[in-house]
Every structure is written in structure tokens, then in C-alpha cells.
Amino acid sequence: MINFGIIGTSWITHSFIRGAQSSGKWNLAAVYSRKEETAKEFASKYEGQKVTLHTSLDALANDANITAVYVASPNILHYAQAKQMLQAGKHVVVEKPSCSTVEELEDLFKLAKEKKVILVEAFRHIQEANFKILKQSMEKLGPIYGASITYAQYSARYEQVLAGEVPNIFNLEMGGGALVDLGVYCVSAALDLFGAPDKSTYWPVTIATGCDGAGKIILQYPKFSVYLCHSKIYHSDTVSEIYGEKGTLIFSSVTDIESVVFRDAKTKTKTELAGKKEPADLNLKEEAVEFARLIEEEDWKSMEKYETLSMGILKVLENSRKENGLLFPGGI
């Protein structure tokens, strides 16, 4: 059992805890919040468990009872907080996006290797069973001709923007924006499926806060291109597709995939390939199982794969932002 602490008290943290503890591999042992009241309220949801409350990161880092930390704070804080936990010899699971820049992430991976601990970015969707079925089914397509991947959901926080407010998720000062919140799912799915692109180009939709509320990315590969569409200011029910010489793979969404259909180019027949997916309240269980395995088995070979993926994703994100003047504090 891996005793872990958490940084960040939003809904995603509760989701990770549910998924992690349901796997039988993880045990919530510590909660950090700057405010004791917030930490108490968060921990109260887990009655019957011995959970230590911390109001300083130093105390969390020095807590000998925990071996891993899940970081789900505002994006701009990921780098510094993950670094402090790694320096203390803790394994770190950091929510997407891992960092603001490639340089920051390189620093974290270097430190993790020095401390011989696991650092992994929490891309839950690439760990889902139906995403893995999708990836395995690409062999049915023959030569790949292209793909389109969409993830667009209207955010209730956009109502705050329309009212003149600047919520964290739409605030560049906090490392926000649609690209790093939802677009990152499309980018990570594409890179896991096709590898790093030769070139990427981003067309953002800038909103009143100065950040991107939506956007489109073209990833260019030697023999095909991939179109990515993401938004937090409008909704889309468009399915995502991968096009090949022998057929098309049609999947219902980029996360929580319920359907993966192969449409044969010659016969025009459609075959459902997806299996049963985890319940919505346990949709982070599969990633928690994999992260526990990495720690327990000290699987450095798999970690190299995840490191390459995270570095490739962040390169696309950073380049996309900077080419469009979407800069975080310090001009990064």
C-alpha cells in the first residue's frame, strides 16, 4: 500500500483519491492546504482514515509517513511544488499540464532520476482500457492518412469571464487557458498514438482575460497531418476519427471513451471494438493502477516512455503558446 499526500483540494483530487483507493494500491495519508479549515473540510470526506493535515509544504515534504504526493494545484505552481516533493525523496504524480516550460520539466525529470523516485504526469485518458483498444486497433487501418480529435466543453467558469471576472483557469498569471486545460488532452492523445510531430501550428481564440478560450492545432507528420480542436467557450459533440487506407476508426470522445468503431473502407461495415469502461466516479482508477505499478516495480523502462511523451507534449504546448503571445508570469 502506497501512503500518499495531496496538494490541491479541487474536485479532480477527490476523483484521484476515489480511483486510487478503489484500486487497493493507495492510501490517503496526508492533506495539504494553506488554510487549516480547507484541509479539515477536505479530509472530513474520508472519515475513518488516519489523515494528517499540513498547512506548510515543508511539513508535507518532511512527513515520513508518506512516500508519494499527488500534485493538483493551479498549473503555475506545479513545477515548484513537484520539485520540493522530489527533493524530499517522494514519488510525484503531477496533474496535466506538468509544467509551463520544457526546461522546467527537464529539471524535474533530472531530479527524479537523481533521487531514484518516480515522476509521472497524470494523463488519465491514455490509461483507459478503451483508449488502449483504440491504439491497438490502428493496425487495422494500414497506412495512416490523417486524424481529427475534438474535445470541446462549455465551462461554467466562462460565465465569470463574461461577468468581468478572471477565474484561475482563464488566467495566464495562473498558467491557465483552454490549450493547457482541455487542448492538452488532444495533444497527449495524438502524441501517444502517432508520436511527436515534425511541426505544430496553433490558432487560438483569445478571450477578454487575454488567454485562449478555444483553439485549433495542426500537427504535421511526414506523410499525414492531425487536426485537433478544443474549447472551453463552446461545446461540440463531434466524434474523433483516425483515417487509414483500409478503413476509419471512430471514437466517441478523447476521454471516457464509450465507443470505438472500425468502419471497413471496402465493405462499409462497422464493428464495435470498445469494451466496458470504468464508472464515471472511478475514471481515474486505471491511471492510479499504472502509477502504483511503476512505483512498486521501479519500472524505469516504462518511465522513459512516459518521460518522452510528457516532454513531447509540453514542447507542443509551449511552442503553441509562445508563437501566439500567450505568456505566463516572467514571460515564459
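Please pick out the residue among Ala147, Ala152, Ala72 that is outside the structural domain of Ser15 (by the TED database), within 20 Å of Gly176 (Cα to Cα) and touching a strand residue (DSSP E or B) at 6+ places or on another chain (Cβ under 8 Å).
Ala152
Do you know which residues across region 212-242 are closer than 16 Å to Leu273 by Cβ and either part of a strand (DSSP E or B) or open to solvent by less than 30 Å² (accessible area, probe 1.4 Å) (or both)?
Within region 212-242, Ser240, Glu241, Ile242 qualify.
In region 280-308, which residues are hydrophobic (A, V, I, L, M, F, W, C), touching a residue at least 60 places away in the same chain (Cβ under 8 Å) and more than 12 Å from Lys25 (Cα to Cα)?
Leu282, Leu284, Met303
Please enumerate the residues belonging to region 148-169 that are over 14 Å from His230 (Cβ atoms) and of a type in the set (A, V, I, L, M, F, W, C).
Ala156, Val161, Leu162, Ala163, Val166
With respect to Val254, is the statement that it is assigned by the TED database to the domain that holds Lys132, under 17 Å from the mean Cα position of the chain (by Cα), of a type in the set (A, V, I, L, M) and under 17 Å from Lys322 (Cα atoms) true?
No; evaluated as a whole, the condition is false for this residue.
For the structure I just gave you, tell me whether Ala59 is farther than 22 Å from Glu290 by Cα, small (Gly, Ala, Ser) and at pLDDT 95 or above.
When the stated conditions are applied, Ala59 passes them.
Kindly indicate which of Lys116, Lys132, Lys199, Lys140 is on the phi > 0 side of the Ramachandran plot and among the charged types (D, E, K, R).
Unique residue meeting the criteria: Lys116.
How many residues does region 260-286 hold that are part of a helix (DSSP H, G or I), touching a Gly at 6+ places or on another chain (Cβ under 7 Å) and either of a type in the set (A, V, I, L, M, F, W, C) or open to solvent by less than 40 Å² (accessible area, probe 1.4 Å) (or both)?
Result for region 260-286: 1.
What number of residues within region 43-78 are open to solvent by less than 30 Å² (accessible area, probe 1.4 Å), in contact (Cβ under 8 Å) with a residue 60 or more places away in the chain and part of a loop (DSSP other than H, G, I, E, B)?
Looking only at that region, the number is 3.
Have a look at Glu139, Glu103, Glu114 and point out the one that is in a helix (DSSP H, G or I), in the same structural domain as Phe170 (by the TED database) and surrounded by fewer than 24 Cβ atoms within 10 Å (Cβ to Cβ).
Glu139
Regarding region 32-42, can at least one residue be identified that is surrounded by 17 or more Cβ atoms within 10 Å (Cβ to Cβ) and out of contact with any strand residue (DSSP E or B) (no Cβ under 7 Å at 6 or more places or on another chain)?
Yes; the residues of region 32-42 include at least one that is surrounded by 17 or more Cβ atoms within 10 Å (Cβ to Cβ) and out of contact with any strand residue (DSSP E or B) (no Cβ under 7 Å at 6 or more places or on another chain).
Could you check region 287-323 and list, in sequence order, the residues that are open to solvent by 40 Å² or more (accessible area, probe 1.4 Å) and assigned to a loop (DSSP other than H, G, I, E, B)?
Selection gives Glu298 alone.
The values are calculated or read from the model by the stated rules, or taken from the named source; none is laboratory data. Quantities reported herein were computed from a predicted structural model and do not represent experimental measurements. Note: ideal-geometry Cβ built from the backbone for every residue, glycine included; neighbour counts use all protein chains shown. Surface areas here come from the heavy atoms of the whole protein model, side chains and all, with no ligands, DNA or RNA. Shrake-Rupley method; radii C 1.70, N 1.55, O 1.52, S 1.80 Å.
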